[in-house]
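Every number here is computed from the coordinates shown, using simple stated rules; none is lab data. These figures come from a predicted structure and were not determined experimentally. With ideal geometry, Cβ positions are generated from the backbone for all residues, glycine too; neighbour counts draw on all protein chains shown.
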Amino acid sequence: MRTITIPTQTVSEAIQSYDHFVGFKVNIVVGVGQEVDGQFAYTIPQQFQSYVIQNQAAVTDAQGNVLRAAITDYNDLMNQYPDGNFGTEDLWPYIDRIRNRS
């Protein structure tokens, strides 16, 4: 869990889940909520946000051409955690990189 400031609003968000497809990608689901009795409680209803950290070489078009990925490079994550042993807190910098892409 972490707290971030959105222009005029501060929210708490947490990674609800992530799936690591070794050598290919990490799918991440992030939601907002608040801490209740020491546990993070997601605001319901809400629209969860999905992010993908993917191996750029795996992103291709219908003709098999490698496309410029609009997502964070999976190789960066694997260079930092070569054994694939990362946790939810380790994924925040990658989520921020995805959010900051223009």
TODO: Report the FRET efficiency, 1/(1 + (r/R0)^6), for ILE44 and MET1, where r is their Cβ-Cβ distance and R0 is 25 Å, rounded to 0.05.
DONE: 0.95
Task: Whole-Hz ³J(HN,Hα) from phi, Karplus 6.51 cos²θ - 1.76 cosθ + 1.60, for the stretch 38-53, glycine and proline x - done: x, 10, 7, 10, 6, 5, 10, x, 7, 9, 5, 9, 10, 10, 10, 9
